[in-house]
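The values are calculated or read from the model by the stated rules, or taken from the named source; none is laboratory data. Because the structure is predicted, anything quoted here is derived from the model rather than measured. Every residue, glycine among them, receives a Cβ derived from its backbone with ideal geometry; neighbour counts consider all protein chains shown. To get the accessible areas, we keep the full protein, side chains included, count just its heavy atoms, and leave off ligands, DNA and RNA. Shrake-Rupley method; radii C 1.70, N 1.55, O 1.52, S 1.80 Å.
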Amino acid sequence: MRKPGALRRFKRTFLTGLFVLAPFSLTFILLAWFVAALEGMLAPLTGLLGHAVPGLGLLAALLLVWLAGALASNIVGQHLLEYFEDLLLRIPGINWLYKTIK
(Lines give C-alpha, C1' and ligand atoms only; values in the text may rest on other atoms or scores of the structure.)
Protein backbone atom coordinates (compact mmCIF):
# COMPACT_ATOMS: atom_id res chain seq x y z
CA MET A 1 0.00 0.00 0.00
CA ARG A 2 1.26 3.48 -0.94
CA LYS A 3 1.84 6.24 1.56
CA PRO A 4 -0.55 9.16 1.05
CA GLY A 5 2.36 11.63 1.12
CA ALA A 6 4.29 9.94 -1.69
CA LEU A 7 2.10 11.40 -4.42
CA ARG A 8 2.27 14.83 -2.80
CA ARG A 9 6.09 14.68 -2.68
CA PHE A 10 6.18 13.55 -6.31
CA LYS A 11 3.99 16.49 -7.37
CA ARG A 12 6.06 18.97 -5.38
CA THR A 13 9.33 17.65 -6.78
CA PHE A 14 7.92 17.61 -10.31
CA LEU A 15 6.70 21.22 -10.05
CA THR A 16 10.05 22.31 -8.61
CA GLY A 17 11.80 20.72 -11.58
CA LEU A 18 9.38 22.42 -13.95
CA PHE A 19 10.02 25.83 -12.39
CA VAL A 20 13.77 25.25 -12.63
CA LEU A 21 13.73 24.09 -16.26
CA ALA A 22 11.12 26.50 -17.65
CA PRO A 23 13.29 29.66 -17.66
CA PHE A 24 16.22 27.80 -19.23
CA SER A 25 13.98 26.20 -21.85
CA LEU A 26 12.23 29.45 -22.73
CA THR A 27 15.55 31.25 -22.99
CA PHE A 28 16.93 28.56 -25.30
CA ILE A 29 13.77 28.55 -27.44
CA LEU A 30 13.78 32.34 -27.79
CA LEU A 31 17.48 32.43 -28.66
CA ALA A 32 17.05 29.64 -31.23
CA TRP A 33 14.11 31.53 -32.77
CA PHE A 34 16.13 34.77 -32.79
CA VAL A 35 19.10 33.12 -34.51
CA ALA A 36 16.82 31.41 -37.07
CA ALA A 37 15.04 34.71 -37.77
CA LEU A 38 18.38 36.44 -38.33
CA GLU A 39 19.50 33.60 -40.61
CA GLY A 40 16.36 34.17 -42.67
CA MET A 41 16.91 37.93 -42.84
CA LEU A 42 20.53 37.47 -43.86
CA ALA A 43 19.70 34.88 -46.56
CA PRO A 44 19.88 37.46 -49.39
CA LEU A 45 23.43 38.27 -48.27
CA THR A 46 24.46 34.66 -48.79
CA GLY A 47 23.09 34.94 -52.34
CA LEU A 48 25.48 37.81 -52.98
CA LEU A 49 28.40 35.76 -51.71
CA GLY A 50 27.47 32.79 -53.88
CA HIS A 51 27.33 30.28 -51.02
CA ALA A 52 25.80 29.84 -47.59
CA VAL A 53 27.76 31.09 -44.59
CA PRO A 54 27.24 28.71 -41.68
CA GLY A 55 26.76 30.46 -38.36
CA LEU A 56 26.03 33.90 -39.82
CA GLY A 57 22.77 34.15 -37.86
CA LEU A 58 24.52 33.15 -34.64
CA LEU A 59 27.26 35.71 -35.25
CA ALA A 60 24.65 38.40 -35.97
CA ALA A 61 22.70 37.45 -32.82
CA LEU A 62 25.85 37.65 -30.69
CA LEU A 63 26.68 41.03 -32.21
CA LEU A 64 23.17 42.39 -31.59
CA VAL A 65 23.15 41.18 -27.98
CA TRP A 66 26.59 42.73 -27.45
CA LEU A 67 25.45 46.03 -28.99
CA ALA A 68 22.36 46.05 -26.75
CA GLY A 69 24.60 45.50 -23.73
CA ALA A 70 26.95 48.26 -24.82
CA LEU A 71 24.02 50.62 -25.34
CA ALA A 72 22.49 49.75 -21.97
CA SER A 73 25.83 50.33 -20.24
CA ASN A 74 25.90 54.06 -20.87
CA ILE A 75 23.66 56.87 -19.69
CA VAL A 76 22.09 57.65 -23.07
CA GLY A 77 21.27 53.99 -23.61
CA GLN A 78 19.77 53.68 -20.14
CA HIS A 79 17.46 56.62 -20.85
CA LEU A 80 16.44 55.07 -24.18
CA LEU A 81 15.71 51.74 -22.48
CA GLU A 82 13.63 53.47 -19.80
CA TYR A 83 11.69 55.31 -22.50
CA PHE A 84 10.92 52.12 -24.46
CA GLU A 85 10.11 50.23 -21.26
CA ASP A 86 7.61 52.94 -20.25
CA LEU A 87 6.15 52.76 -23.75
CA LEU A 88 5.73 48.98 -23.54
CA LEU A 89 4.14 49.23 -20.09
CA ARG A 90 1.43 51.53 -21.49
CA ILE A 91 0.24 49.05 -24.12
CA PRO A 92 -2.55 46.80 -22.82
CA GLY A 93 -1.70 43.10 -23.08
CA ILE A 94 1.91 43.79 -24.01
CA ASN A 95 2.54 45.27 -20.54
CA TRP A 96 1.53 41.99 -18.88
CA LEU A 97 3.73 39.96 -21.22
CA TYR A 98 6.70 42.31 -20.76
CA LYS A 99 6.40 42.32 -16.94
CA THR A 100 6.11 38.54 -16.90
CA ILE A 101 9.19 38.03 -19.06
CA LYS A 102 11.19 40.68 -17.23
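Identification of helices (runs of 4 or more DSSP H) wholly contained in the stretch 1-96 with 2 or more residues that are at pLDDT 85 or above and of a type in the set (Ser, Thr, Tyr) yields 4-41. Out of the residues in the stretch 21-39 that are more than 12 Å from Ala61 (Cα to Cα) and open to solvent by less than 80 Å² (accessible area, probe 1.4 Å), state the one that is farthest from the chain's Cα centre (by Cα). The qualifying residue farthest from the chain's Cα centre (by Cα) is Ala22.
Go through the residues of the stretch 2-15 one by one and say whether even a single one is of a type in the set (Gly, Ala, Ser) and surrounded by 11 or more Cβ atoms within 10 Å (Cβ to Cβ).
For the stretch 2-15, residues of a type in the set (Gly, Ala, Ser) and surrounded by 11 or more Cβ atoms within 10 Å (Cβ to Cβ): absent.
Which residues, counting only those in the stretch 63-102, are among the aliphatic types (A, V, I, L, M), closer than 27 Å to Val35 by Cβ and more than 16 Å from the chain's Cα centre (by Cα)?
If the condition is that a residue be among the aliphatic types (A, V, I, L, M), closer than 27 Å to Val35 by Cβ and more than 16 Å from the chain's Cα centre (by Cα), then Ala70, Leu71, Ala72, Leu80, Leu81, Leu87, Leu88, Ile91 are the ones that fit.
Counting only residues that are closer than 28 Å to Tyr98 by Cα and open to solvent by 80 Å² or more (accessible area, probe 1.4 Å), how many does the stretch 40-63 have? Of the residues in that region, 5 qualify. Whenever a residue of the stretch 43-72 is hydroxyl-bearing (Ser, Thr, Tyr), its partners that are open to solvent by less than 60 Å² (accessible area, probe 1.4 Å) and part of a helix (DSSP H, G or I), lying with C-beta atoms within less than 8 angstrom and at least six residues away or across chains, give the pairs Thr46/Leu56.
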